[in-house]
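The values are calculated or read from the model by the stated rules, or taken from the named source; none is laboratory data. Treat the numbers as computed from the prediction; the structure is a model and nothing was measured. Note that we place each Cβ from the backbone using ideal geometry, even for glycine, and neighbour counts take in every protein chain shown.
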Amino acid sequence: MASSGFQADVKALQKHLAARHLIYQHQHNKQMSCPAMAQLLSNTLYYKRFFPYYSFNVLGGLDNEGKGCVFTYDAVGSYEKVGYSSQGSGSTLIMPFLDNQLKSPSPLLLPAQDAVTPLAEAEAIDLVKTVFASASERDIYTGDKLEIVVINADGIRREYMDLRKD
Amino acid sequence: MFRNQYDTDVTTWSPAGRLFQVEYAMEAVKQGSAAIGLRSKTHVVLGCVNKANSELSSHQKKIFEVDDHIGVAIAGLTADGRVLSRYMRNECINYSFTYESPLPVGRLVVQLADKAQVCTQRSWKRPYGVGLLVAGLDESGAHLYYNCPSGNYFEYQAFAIGSRSQAAKTYLERRFENFTDSSRDDLVKDAIMAIRETLQGETLKSAICTIAVVGAGEPFHVLDQGTVQQIIDTFETAAEQEDPATEPDAATGQEAAAEQGTAADHGGSTDEGAAPMDI
């Protein structure tokens, strides 16, 4: 889960979900699938509808079949499964660029088309790095360092990249 | 255990100063199928005998993971054990959440004991009918505790509870002084051998026992059947070949297995060959 906003709320939210994930594992003897966690996150956020977690989230992971999924949220739990998303500072710069690059099919099209982005892993990581490097140029809050979490069938790996430090 | 006029309520003392209901609860533990635990300086191993109600049913789960660093094996009323495991899991999660560090085993055990004590002093409750072997690792090292229905808890180097546990206890008593410095694999082997003692004649195979390990750098987990069967094979093969009867003479069977253990190419260390039951 990638979160932007008020750090104390972000930390509290992540700890809460981690604890719930552990309970799930004890009860079901398996890891939560991404869609399951997506619903849990939504419920957790809406639970505090009248004193929200000031946290703008993007959830990524694998579903029960091993396919990747991305869910995007607002602060009170409204969520949607998408092919790509960005939240937080700089998202206004990043989102149009992703739209341009990933050519998501319009939701108005029928029959409904899958929102999965047709990128290879290396291409996707490269795109992320490009996107953040660009956002760092113009958004004063974006910069310093980038952490990329890559989730695939082999497991989870992290990559780091330095960004403009001003 | 005898029926008498002071055993109806848990809140009634006997003239001899005993609470019979609590003692009856401890009887329930003795009736459950065996569970054993042993520890070294860096690892703790739990083992239990899988008893199924009938041939048609599956066996009951007696070993529970409580957290990465704590696990518990139960004997007695499995339902009570399940409820207490859920309580322990909750406590660990809450402690981790608040303090960002793992709950020390000693603390958990005291909380459990206090919970059990409450049930010995309320007229509308009954004592938990389950004994728990709590195995865990924290900053102060590896620990094995036994929590009984009375609300008492004790720390052990090695212990066995449940039916026919005395045989396992005797085996452990003979060998426990070596456990502190045992390697992890030797500890697991000793656990399986202790379980074999409680079986008293039945063939030892991985389906009939469950083994779990926790240690430094090794989160609590149950060993899978294949691994357990491999370990059993290293010291059982020879005995089975020599005597297909279910009760081979334990001493000679073990010595023969020990000799053939060193010769056999099972990937076992020489330790296995040099680990006879009778010293």
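The table below gives the values:
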read-out	value
Unique match (being more than 14 Å from chain A (Cβ to nearest Cβ), among the hydrophobic types (A, V, I, L, M, F, W, C), touching an Asp or Glu at 6+ places or on another chain (Cβ under 8 Å) and not in a helix (DSSP H, G or I)) among B:L132, B:L144	B:L144
Where a residue in the range B:109-122 is in contact (Cβ under 8 Å) with a residue 40 or more places away in the chain and its partner, wherever it lies, is in a helix (DSSP H, G or I), with Cβ under 8 Å and at least six apart	B:L112/B:L84; B:L112/B:Y87; B:L112/B:M88; B:T120/B:Q21; B:T120/B:V22
Residues within the range B:113-129 that are in a loop (DSSP other than H, G, I, E, B) and not β-branched (V, I, T), tallied	10
Within the range B:52-63, considering residues that are out of contact with any strand residue (DSSP E or B) (no Cβ under 6 Å at 6 or more places or on another chain) and under 11 Å from B:T78 (Cβ atoms), the one modelled with the highest pLDDT	B:K61
The range A:78-95 residues that are at pLDDT 95 or above, paired with ones that are basic (K, R) (beta carbon under 9 Å, 6 or more apart)	A:L93/A:R138
Residue match in the range A:23-37 (condition: away from chain B (no Cβ under 14 Å), in contact (Cβ under 8 Å) with a residue 12 or more places away in the chain, in contact with a helix residue (DSSP H, G or I) (Cβ under 8 Å, 6 or more places away or on another chain) and not β-branched (V, I, T))	yes
